Amino acid sequence: ITYFISRATPTLRDRPTVRPSAEDPANRSRKALQKIAETLPLAEHGSMLRAIGHNRSQSAILGYNQLTTGLFRAIDEFAKALPGHVDFETALRSRVLPRLPVYEALHTFRLYHEPSTRYVRAMERKFPAGNSAFVAFREDVDCFHTYVGLFQQELLRRHGVNPSEFFEDDRCVLELLPALRPDIATLLQPDILNVEFDRFSEFLTGRERSGWIEETRRLVEAPARVRDERVNMWRILRAPIETQVESFVKISRALYRLSEERAASDGETVAAPELTKLSRRVAQSIGGASDDSMREFLVAATQYFAAVPAETERVPLEVFRALKDVEQIAKIEGQPLAPEEQAAFRFHLLKTARLCGENG
């Protein structure tokens, strides 16, 4: 999902997002299925530029903070794996939390996390039910609320403050927050995802410095403004991303059925020459050597589908449709947005970056 979002996002700088491959195309002799296995999962491939694009796509646009992805679920598994005689909180405070970027984890999660998870859920509906990646996503989000208090206490400890002086019953003493920097006070709210300054200011006495109040208000309300910009970005981006994700899922299903030798057992079929003709056209549209993992996957899938007619006179209709989906992805993969949509998307993306203190 983040791959398609990243490729659809208009470039913001004069630099390539895909670097030419140094490999000689004539020396590529790997079999199609081997290449498919090597190019999936896509997370194992790509340049630093593409990593930046995936981070932006997942955090700012999809609403699932990349820095903390899997972190809280991993801590939960760590807790379950400890022997019974070991105190979990003691082990976490002494062994794990001191090694983590606690401030950055809390700060970026608060800024980028979409509490409704509606964009991830919208994409989840395009996949077969029970996909393990989405199950892990929900578990990770649920675990955040379990362990956020320990992260907040570690944050105070990093700043030389004894957490016991600021916390009662695992909740920060609200009356003490004005003694802290605005960014720290915002992260120590009992509800760290709160975006309403009126709720935050209930404990204020009115004697706080005006500068502290203004900066705190800006920080408390920033995630809500980020979510507003995310709504605007998804209005522009949703249709092409859904189309690409649906096509990718269909291709994957067809490959799985073929590899399991189940596709030809029943269902509608088409004449083999029709598939051969289509595969040639698709191969020409995909052409070009690059280190782009998705393009390599599409090329390998096309080669695999094209080999089916050599084995039978009739081929499954599902394979024919999957090859059409390869062609569909190849057509819109470059830049699916019109120039005016690109300009509007850049505006909302850069506005989000400014709200978050990033450079886009």
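Scanning the range 230-252 for residues that are basic (Lys, Arg) and surrounded by fewer than 17 Cβ atoms within 10 Å (Cβ to Cβ) yields Arg235, Arg238. A search for C-beta distances below 6 Å between a residue of the range 82-100 that is over 13 Å from Leu71 (Cα atoms) and any residue that is assigned to a loop (DSSP other than H, G, I, E, B) and of a type in the set (A, V, I, L, M, F, W, C), counting only pairs 6+ apart in sequence or on different chains, returns Phe88/Leu82. Of all residues in the range 197-229, those satisfying the criterion of being open to solvent by less than 70 Å² (accessible area, probe 1.4 Å) and more than 19 Å from Ile184 (Cβ to Cβ) are Gly206, Ala224, Val226, Arg227, Glu229.
Please work out if Arg138 is open to solvent by 80 Å² or more (accessible area, probe 1.4 Å) and farther than 27 Å from Thr90 by Cβ.
Spelling it out, Arg138 is indeed open to solvent by 80 Å² or more (accessible area, probe 1.4 Å) and farther than 27 Å from Thr90 by Cβ.
The sole residue among Tyr119, Tyr147, Tyr103 that is within 30 Å of Gly53 (Cα to Cα) and crowded, with 20+ Cβ neighbours inside 10 Å is Tyr119. Scanning the range 70-100 for residues that are surrounded by 10 or more Cβ atoms within 10 Å (Cβ to Cβ), within 22 Å of Leu187 (Cα to Cα) and over 22 Å from the mean Cα position of the chain (by Cα) returns Glu89, Leu92, Arg93, Ser94, Val96, Leu97, Pro98. If you go through the range 154-196 and pick out every residue that is out of contact with any helix residue (DSSP H, G or I) (no Cβ under 6 Å at 6 or more places or on another chain), under 23 Å from Leu355 (Cβ atoms) and open to solvent by less than 30 Å² (accessible area, probe 1.4 Å), you end up with 5.
Only one of these is at pLDDT 50 or above, assigned to a helix (DSSP H, G or I), out of contact with any strand residue (DSSP E or B) (no Cβ under 9 Å at 6 or more places or on another chain) and open to solvent by less than 40 Å² (accessible area, probe 1.4 Å): Ile36, Ile61, Ile52. Name it.
Ile61
Could we say that Phe151 is part of a helix (DSSP H, G or I), farther than 18 Å from Leu355 by Cα and touching a residue at least 40 places away in the same chain (Cβ under 8 Å) here? So Phe151 fits the description; yes. Please determine whether any residue of the range 187-209 is modelled with pLDDT under 85, of a type in the set (Val, Ile, Thr) and not in a helix (DSSP H, G or I). Yes: one or more hits.
Have a look at Leu219, Leu156 and point out the one that is at pLDDT 85 or above, over 27 Å from Ser116 (Cβ atoms) and either of a type in the set (Val, Ile, Thr) or in a helix (DSSP H, G or I) (or both). After applying the criteria, what remains is Leu156. Kindly establish whether Ser132 is at pLDDT 90 or above, farther than 26 Å from Leu204 by Cα and either over 17 Å from the mean Cα position of the chain (by Cα) or among the polar types (S, T, N, Q) (or both). For Ser132, the condition - at pLDDT 90 or above, farther than 26 Å from Leu204 by Cα and either over 17 Å from the mean Cα position of the chain (by Cα) or among the polar types (S, T, N, Q) (or both) - is not met. Scoring Val173 on the criteria (1) β-branched (Val, Ile, Thr); (2) within 33 Å of the chain's Cα centre (by Cα); (3) at pLDDT below 90 leaves a single failure, condition (2).
Filtered by the rule that a residue be touching a residue at least 24 places away in the same chain (Cβ under 8 Å), in a helix (DSSP H, G or I), farther than 16 Å from Gly70 by Cα and of a type outside the set (A, V, I, L, M, F, W, C), the range 119-139 gives a lone residue, Tyr119.
The values are calculated or read from the model by the stated rules, or taken from the named source; none is laboratory data. Since the structure is predicted, the reported quantities are computational estimates derived from the model, not experimental observations. In this analysis, Cβ positions are derived from the backbone assuming ideal geometry, glycine residues included, and neighbour counts consider all displayed protein chains. Each accessible area value is taken on the protein alone, full model and side chains, heavy atoms only, with ligands, DNA and RNA left out. Shrake-Rupley method; radii C 1.70, N 1.55, O 1.52, S 1.80 Å.
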